[in-house]
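The values are calculated or read from the model by the stated rules, or taken from the named source; none is laboratory data. Keep in mind that what you see is a predicted model, and the values were worked out from it rather than measured. Cβ sites come from the backbone with ideal geometry, for glycine too, and all protein chains shown count toward neighbours.
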Amino acid sequence: MRGWPFIKLLPHKTNFHFVKYAFPAGILSVVLCVASIVACFYPGLEMGIDFKGGAVMEMTAPAGKSIDAGKVREAMNNLDLGEVQVQNIDGDQRAIVRFQVPDNEDQTAVVTRVQKGITDAVGQVAFSGTSVVGSKVSGELFTSGLLALGAAIVLMFAYIWFRFEPQFGFGAVAGLVHDVILTFGLIVLFRLEFSLNMVAAILTVIGYSMNDTVVVFDRLRENLRKYKTMPLREVIDLSINETLSRTIITGVTAVMVLAALAVFGGEALFGFSIALMAGIIIGTYSSIYVGAPIILLWGVKRGGSIDEDAKPIKFGMASRP
Amino acid sequence: MIQLSRWKVTLVVLSLLVGLLLAYPNVLTPAQREALPGWLPKNGLNLGLDLQGGSYLLLEVDVPAMRAKRVTNLVEDVRTTLAEQKIPIGSLQREAGGVVVTIGEGAQYDAALTALRTLAQTGAPQGQSDRAVTRLSDNRMRFAFTDAALAAMGATAVDQSIEVVRRRIDSTGTKEISITRQGADRIVVQAPGESDPSALERVIGQTAQLTFQMVDTSSNGLQDAMAGRVPPDSELLMGEDGVTPYLVKKRVLVSGENLTRAGVGSDQNGRPAIDFRFDGQGARRFGEATAQNIGKPFAIILDGKIISAPTIQGAITGGTGQITGNFTIQSASELVNLLNGGALPAPLKVEERRVVGAELGADAIKAGQVSTAVGAGIIVLFMILSYGFLFGGISVIGLMLNGILIVAAMSLFQATLTLPGIAGLVLTFAVAVDANVLIYERMRDEARAGRSVIASMDAGFNKAMGTIIDANLTTLVAALIMFAFGAGPVRGFAWTLTIGVFTSMFSSVMVAQVLLGYWLKVAKPKKLPIAE
């Protein structure tokens, strides 16, 4: 049967001139990165209680009964706990309450007070899940979350430097920083809650994006040895083209699987999967358009001398702050 | 490399058998697991609190509060000692770790020094006192805890707190509660399954500091104190009802530390009460105090609230006594448990709590199962559609071995599986087939370059291997960082990723090598089915 297995349908040799579009792509990336950074402060990340401190309480009414969100809100407002959010989920049988725990009050006492206030207002409900994070702990979690992201980027840089060359390291890190910033931007855009799980998602994006970059770089290194006289720009194009079918298959698999997680994983995994999916798409794009072209900016050592071919192509925008 | 070698076949078969053996308990019910012969592994997956339901409490030992309390006792000791020696006190100035005493009459300075030196030595082994006296100018001297003692207080307080919490939890009979130290002054208590953490919190949240102190009966004392003029050696406390005020002396006659045993008894009216017995030191002090104060009331104080304030009828020298108050059978036995478990050296403050109801956990498991099944299904379908039944099928078999090995490794190491961990697992599957994709694409490249089937398959494995290792190491680095910085669910995610990296590299490369080697031997193909 012709065309089966379907992998044969992929053109066996693509000849896209990726580097030719690196300049406009670079500008696009810089613009999107700046927009993402701005978005992180205005309107700003929607911090979950992991990083902001406060409480989330989930309650379920007995079978056949419903929870009146209005009554719960009223009861909560009477407790004088500052800003309170009440929201029905899964129809009216369940509800989620978010509130702040005053710094000078005991967590246990506040939780007990809230539970009593709510049961007084709407009758007996089961408190199926409660999370309370004190301001001290949330501050520490936030710091360690940021540290983790920083440490990941630094370690990846060191790893690529060690396994390849410094120029490759810069390319990889530029790609990583780009992915992390854009993922943050999308988290803001989709109004996803920034929580501990989100940090895990971004770390995974970092791992995946590196994975992708390494595959391209590996081929690049091999081709640089193989075609000693081919201009650097063409070697880069060749390497990206040669790895393109793998990039597409793996990327599509990962995105489809994450889509399944987002649809079937329930509320807890939704934001997490969406962020991962966005990050993986961005990571795939950046291995082609950020990681490899950046190497052109510096050039690479081939047989002892820096490749002169690097000179005429200037898209320095990407490296300017 | 592609040649079928005996050790590779053996390794794949062995790992499959070991994997099955270790993963097997997961399909059994707990009862069936118990019935397995002793030499077989019994552990199933260790589900995190978000899947199983349970409570997580992060408690902070309030060390400053404990130090402050110890200093208060020290100040009162100084006051009483000097009063007993009839040495007039000019002033007592409290400091962070002790007190600066100004002696009223210069002539008495040496006498005061001797008295405080004796006080520093009481109850301490020779030359090892935790308190020290220093001379200062102008009739002043400092009586304070040594720096070493202050530093040790924090460390011992956390150790003791863990000890006390463990004793208290054990006495409730609840099993499987883990108590671990975190950082310098924190304790993590994790209780799986317990959907109502309030009982747990009642048990560990109470300091259970029991003290016996005299009631200040000076005339108008209480009225003055209510008006804001509290005498320096007294404090204003509330009764258990939270309304009735009492003025009591700050000095502690006897404290809960001197209790040897408490039990539930009943008073003359048949209401629940608490019987207790003091140790030798406690009995002597209590005996002396009661003998000196017949006819006066004393207060029994639990965590700053007065349980009762009976009047001393006569000297109590036997070392036993009874606390009566507003007890129910339940509250009395809870208090008895607390007293027998010992008082917490310092209050514990809950800094973080996560409670997941068992029902919510079951929902999460269901969501995890469905999304894993759908995700795996998509990968299987996609691989077979892309690479056909042979090559695609081989990666699917590798994937199955991978799944078995992950479950086996996680059961063996008892790594916690969390909901994000399940997501990590599904993603690991996607990245695992990436290794196959890299190998297959490489083979296609080589076949296109005109090599023979064997040569291109060989080159495919050889050349892709470096890339696969590099690519997987980066995931490993990311996972290690999650370990170092992450908490709870994130660590679970990191565990799954780490285990997945190893098992997926093994199964996607090894299984493909063995099966493709076998295919080469049997089918003797002229053409690579995945190449044009």
Could you list all residues from the stretch B:433-452 that are at pLDDT below 90 and among the β-branched types (Val, Ile, Thr)?
B:Val433
Show the residue pairs meeting these rules: Cβ distance below 7 Å; 6+ apart or different chains; first residue within the stretch B:511-532 and assigned to a loop (DSSP other than H, G, I, E, B); second residue of a type in the set (Gly, Ala, Ser) and crowded, with 17+ Cβ neighbours inside 10 Å.
B:Leu528/B:Ala447; B:Leu528/B:Ser456; B:Pro529/B:Gly388; B:Ile530/B:Gly388; B:Ala531/B:Ala447
Can you tell me which residue within the stretch B:369-390, out of those that are buried (at least 19 other Cβ atoms within 10 Å of the Cβ) and more than 7 Å from every other protein chain (Cβ to nearest Cβ), is farthest from B:Leu528 (Cα to Cα)?
B:Thr372
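A quick yes/no check of all residues on (1) buried (at least 18 other Cβ atoms within 10 Å of the Cβ); (2) out of contact with any Gly (no Cβ under 8 Å at 6 or more places or on another chain); (3) of a type outside the set (Phe, Trp, Tyr); (4) assigned to a helix (DSSP H, G or I):
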position	(1), (2), (3), (4)
B:Thr72	no, yes, yes, yes
B:Ser91	no, yes, yes, no
B:Asp138	no, yes, yes, no
B:Val164	yes, no, yes, yes
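Does the stretch B:191-211 hold any residues that are among the aliphatic types (A, V, I, L, M) and at pLDDT 75 or above, and which are they? If you could, list the steps in order and put the result at the bottom.
Here is the first cut: in the stretch B:191-211, the ones among the aliphatic types (A, V, I, L, M) are B:191, B:199-200, B:203-204, B:208, B:210.
Of everything in the stretch B:191-211, those that are among the aliphatic types (A, V, I, L, M) and at pLDDT 75 or above turn out to be B:Ala191, B:Leu200, B:Val203, B:Ile204, B:Ala208, B:Leu210.
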Restricting the stretch A:134-160 to residues that are of a type in the set (Val, Ile, Thr) and over 16 Å from A:Val205 (Cα atoms), the one surrounded by the most Cβ atoms within 10 Å (Cβ to Cβ) turns out to be A:Ile160
If you take the residues of the stretch A:132-158 that are over 21 Å from A:Gln107 (Cβ atoms) and touching a residue at least 24 places away in the same chain (Cβ under 8 Å), which of them is nearest to the chain's Cα centre (by Cα)?
A:Leu149
For the condition of a type outside the set (Ser, Thr, Tyr), within 30 Å of B:Val350 (Cα to Cα) and modelled with pLDDT of 85 or more, what is the one hit in B:Arg6, B:Arg70, B:Arg94, B:Arg79?
B:Arg94
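Looking at B:Leu344, B:Leu399, B:Leu360 in this structure, which one is assigned to a helix (DSSP H, G or I), out of contact with any Lys or Arg (no Cβ under 6 Å at 6 or more places or on another chain) and more than 8 Å from chain A (Cβ to nearest Cβ)?
Working: B:Leu344 fails: assigned to a helix (DSSP H, G or I); B:Leu360 fails: more than 8 Å from chain A (Cβ to nearest Cβ).
After ruling out the rest, the residue left standing is B:Leu399.
Considering only residues that are more than 8 Å from chain B (Cβ to nearest Cβ) and within 22 Å of B:Ala358 (Cβ to Cβ), look in the stretch A:104-121 and name the one that is surrounded by the fewest Cβ atoms within 10 Å (Cβ to Cβ).
Here is the first cut: in the stretch A:104-121, the residues more than 8 Å from chain B (Cβ to nearest Cβ) are A:104-105, A:109-110, A:113-121.
Pick out the ones that are also within 22 Å of B:Ala358 (Cβ to Cβ) and you get A:114-115, A:118-119.
Working: A:Val114: 24, A:Gln115: 16, A:Ile118: 23, A:Thr119: 14.
So, considering only residues that are more than 8 Å from chain B (Cβ to nearest Cβ) and within 22 Å of B:Ala358 (Cβ to Cβ), the one surrounded by the fewest Cβ atoms within 10 Å (Cβ to Cβ) is A:Thr119.
Against the condition in contact (Cβ under 8 Å) with a residue 24 or more places away in the chain, of a type outside the set (Phe, Trp, Tyr) and in contact with a strand residue (DSSP E or B) (Cβ under 9 Å, 6 or more places away or on another chain), how does B:Ala346 come out, does it pass? Before the answer, list the steps.
Details: in contact (Cβ under 8 Å) with a residue 24 or more places away in the chain: yes; of a type outside the set (Phe, Trp, Tyr): yes; in contact with a strand residue (DSSP E or B) (Cβ under 9 Å, 6 or more places away or on another chain): yes.
Considered against the rule, which asks whether it is in contact (Cβ under 8 Å) with a residue 24 or more places away in the chain, of a type outside the set (Phe, Trp, Tyr) and in contact with a strand residue (DSSP E or B) (Cβ under 9 Å, 6 or more places away or on another chain), B:Ala346 comes out as yes.
Take residues that are surrounded by fewer than 16 Cβ atoms within 10 Å (Cβ to Cβ) and tell me which of the helices (runs of 4 or more DSSP H) falling wholly in the stretch A:1-90 contain 1 or more.
On the way: elements: A:22-39, A:49-52, A:69-78.
The helices (runs of 4 or more DSSP H) meeting that bar are A:22-39, A:69-78.
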Residues A:Ile274, A:Ile248, A:Ile281: which one is more than 9 Å from every other protein chain (Cβ to nearest Cβ), farther than 23 Å from A:Arg191 by Cα and among the β-branched types (Val, Ile, Thr)?
A:Ile248
If a residue must be in a helix (DSSP H, G or I) and either in contact (Cβ under 8 Å) with a residue 24 or more places away in the chain or over 20 Å from B:Pro192 (Cα atoms) (or both), how many such residues does the stretch B:16-46 contain?
14
How many residues does the stretch B:90-145 hold that are in contact (Cβ under 8 Å) with a residue 24 or more places away in the chain and among the basic types (Lys, Arg)?
3
So is A:Val137 among the aliphatic types (A, V, I, L, M), within 30 Å of A:Gly64 (Cβ to Cβ) and either at the interface with another protein chain (Cβ under 9 Å from one of its Cβ atoms) or part of a loop (DSSP other than H, G, I, E, B) (or both) or not?
no
Quick one: in the stretch B:255-274, of everything that is surrounded by 17 or more Cβ atoms within 10 Å (Cβ to Cβ) and not hydrophobic (A, V, I, L, M, F, W, C), which residue is farthest from B:Pro345 (Cα to Cα)?
B:Pro272
Checklist (1) more than 9 Å from chain B (Cβ to nearest Cβ); (2) under 30 Å from A:Gly291 (Cα atoms) applied to A:Phe99, failing item
(2)
Looking for whichever is more than 14 Å from chain A (Cβ to nearest Cβ), crowded, with 18+ Cβ neighbours inside 10 Å and closer than 22 Å to B:Arg202 by Cα here; the options are B:Ile329, B:Ile307. Which one fits?
B:Ile307
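So, B:Ile422, is that one more than 30 Å from A:Phe194 (Cβ to Cβ), assigned to a helix (DSSP H, G or I) and touching a residue at least 40 places away in the same chain (Cβ under 8 Å) or not? Before the answer, list the steps.
Numbers: more than 30 Å from A:Phe194 (Cβ to Cβ): no; assigned to a helix (DSSP H, G or I): yes; touching a residue at least 40 places away in the same chain (Cβ under 8 Å): yes.
Spelling it out, it is not the case that B:Ile422 is more than 30 Å from A:Phe194 (Cβ to Cβ), assigned to a helix (DSSP H, G or I) and touching a residue at least 40 places away in the same chain (Cβ under 8 Å).
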Within the stretch B:430-463, restricting attention to residues that are surrounded by fewer than 24 Cβ atoms within 10 Å (Cβ to Cβ) and aliphatic (A, V, I, L, M), which residue is nearest to the chain's Cα centre (by Cα)?
B:Ala459
Find all pairs meeting these conditions: Cβ atoms under 7 angstrom apart; at least six residues apart or on different chains; first residue within the stretch B:313-327 and over 20 Å from B:Pro272 (Cα atoms); second residue β-branched (Val, Ile, Thr) and crowded, with 18+ Cβ neighbours inside 10 Å.
B:Ala315/B:Thr290; B:Ile316/B:Thr290
Starting from residues that are surrounded by fewer than 24 Cβ atoms within 10 Å (Cβ to Cβ) and not in a helix (DSSP H, G or I), keep the ones in the stretch A:179-223 and report whichever is farthest from the other protein chains (Cβ to nearest Cβ).
A:Arg191
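Could you tell me which residue of the stretch A:262-271 is nearest to the other protein chains (Cβ to nearest Cβ), considering only residues that are part of a helix (DSSP H, G or I) and small (Gly, Ala, Ser)? Step through it out loud before you land on a result.
Kept after step one, since they are part of a helix (DSSP H, G or I), are these residues of the stretch A:262-271: A:262-264, A:266-271.
Of the ones still in play, those that are also small (Gly, Ala, Ser) are A:262, A:266, A:268, A:271.
Details: A:Ala262: 8, A:Gly266: 4, A:Ala268: 5, A:Gly271: 11 Å.
Of everything passing the filter in the stretch A:262-271, A:Gly266 is nearest to the other protein chains (Cβ to nearest Cβ).
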Odd one out for B:Thr475, checked against (1) modelled with pLDDT under 85; (2) surrounded by fewer than 18 Cβ atoms within 10 Å (Cβ to Cβ):
(2)
Could you check B:Val133 against (1) outside any helix (DSSP H, G or I); (2) out of contact with any helix residue (DSSP H, G or I) (no Cβ under 9 Å at 6 or more places or on another chain); (3) closer than 30 Å to B:Gln292 by Cα and say which number it fails?
(2)
If you check B:Ala447, B:Ala432, which single one turns out to be in the same structural domain as B:Gly392 (by TED's automatic domain parsing), of a type outside the set (S, T, N, Q), part of a helix (DSSP H, G or I) and closer than 15 Å to B:Met383 by Cβ?
B:Ala432
Here is a list: B:Thr418, B:Thr467. Which entry is within 7 Å of chain A (Cβ to nearest Cβ) and among the polar types (S, T, N, Q)?
B:Thr467
